[in-house]
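The values are calculated or read from the model by the stated rules, or taken from the named source; none is laboratory data. What you are looking at is a predicted structure, and each value in this text was computed from that prediction instead of being measured. Using ideal geometry, Cβ is built from the backbone for each residue, glycine included, and neighbour counts are taken over all protein chains shown. Accessible surface areas use protein heavy atoms only, side chains included; no ligands, DNA or RNA. Shrake-Rupley method; radii C 1.70, N 1.55, O 1.52, S 1.80 Å.
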Amino acid sequence: VPSGAEPGGGGLVRIGVGAAVTLAAGLSFVATRSGPRATQDSANYLAIAAALARDGTLTGVSGAPITVFPPGYPALLAVGDALLGASVWHRLLPALCAAVTVACVASIVARHVIDRRWVLIAAFATAVSPALGLVWMTTWSEGPFVAVVAVFLVATDRLWASRRDAGASSGSRRSSGWWRWLTVAVLACWAACALRYAGVVLIGVLGCAVAL
């Protein structure tokens, strides 16, 4: 990592990243002002969430048990609905996912560039991405999934850096920072698998991060 690429390299950059995070969350919140966009998959997510809250089953719109979707996202909806109410939670969740995703992208880029303008470009490009914007206005598992993958990438990036730094200073790769980021990466990997079956791919990525 270039010496000038460490995070927190300037107040203006931090302000800019904060503005990008706020923009992403704000756009999501505005886009869902009349309620999140819903599709057939959304209907099944909502039905499963209601069934989980009601009797702990994974029941889709048809009334039959459904396993084509992992239980993580419906469970997340059910918990949020119980705590905040569906009208608030279904808008707040994608906005939070947008904020986390933009912040993580900025964090990763900041560690690998010297010119700080690239951090702002990456952050704002992510915040106004049409593809991500669609995800952040729809009741889909992709929103939390992308946010969790972003956290996973931050953790693996820091995992490599912690191991390298520890090896350079003491010859041991298992420093406290290494274990901390490994824990974050494992939890993010587990959450990704719970949200979408595609999350299983991260297991291999994590394995490479630990082994290399």
Got a number for residues in segment 174-200 being under 19 Å from THR67 (Cα atoms) and free of Cβ contacts under 8 Å to residues at least 12 places away in the same chain? 2
Search segment 69-88 for residues being out of contact with any Leu (no Cβ under 9 Å at 6 or more places or on another chain) and not hydrophobic (A, V, I, L, M, F, W, C), and hand back the single one that is farthest from VAL30 (Cα to Cα). ASP81
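Which members of segment 79-118 meet the condition of being of a type in the set (Asp, Glu) and either at pLDDT below 95 or in contact with a Lys or Arg (Cβ under 9 Å, 6 or more places away or on another chain) (or both)?
Selection gives ASP115 alone.
Among the residues that make up segment 169-182, is at least one of them among the polar types (S, T, N, Q), modelled with pLDDT under 95 and either open to solvent by less than 40 Å² (accessible area, probe 1.4 Å) or part of a loop (DSSP other than H, G, I, E, B) (or both)? So that I can check it myself, show each step before the final result.
Kept after step one, since they are among the polar types (S, T, N, Q), are these residues of segment 169-182: 169-170, 172, 175-176.
Adding the requirement that they be modelled with pLDDT under 95 leaves 169-170, 172, 175-176.
Those left that are additionally either open to solvent by less than 40 Å² (accessible area, probe 1.4 Å) or part of a loop (DSSP other than H, G, I, E, B) (or both): 172, 175.
For segment 169-182, residues among the polar types (S, T, N, Q), modelled with pLDDT under 95 and either open to solvent by less than 40 Å² (accessible area, probe 1.4 Å) or part of a loop (DSSP other than H, G, I, E, B) (or both): present.
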Can you go through ALA25, ALA50 and tell me which one is open to solvent by 40 Å² or more (accessible area, probe 1.4 Å) and assigned to a helix (DSSP H, G or I)? ALA50
Failed item, numbered, when ARG37 is tested on (1) basic (Lys, Arg); (2) closer than 18 Å to VAL151 by Cβ; (3) touching a strand residue (DSSP E or B) at 6+ places or on another chain (Cβ under 6 Å): (2)
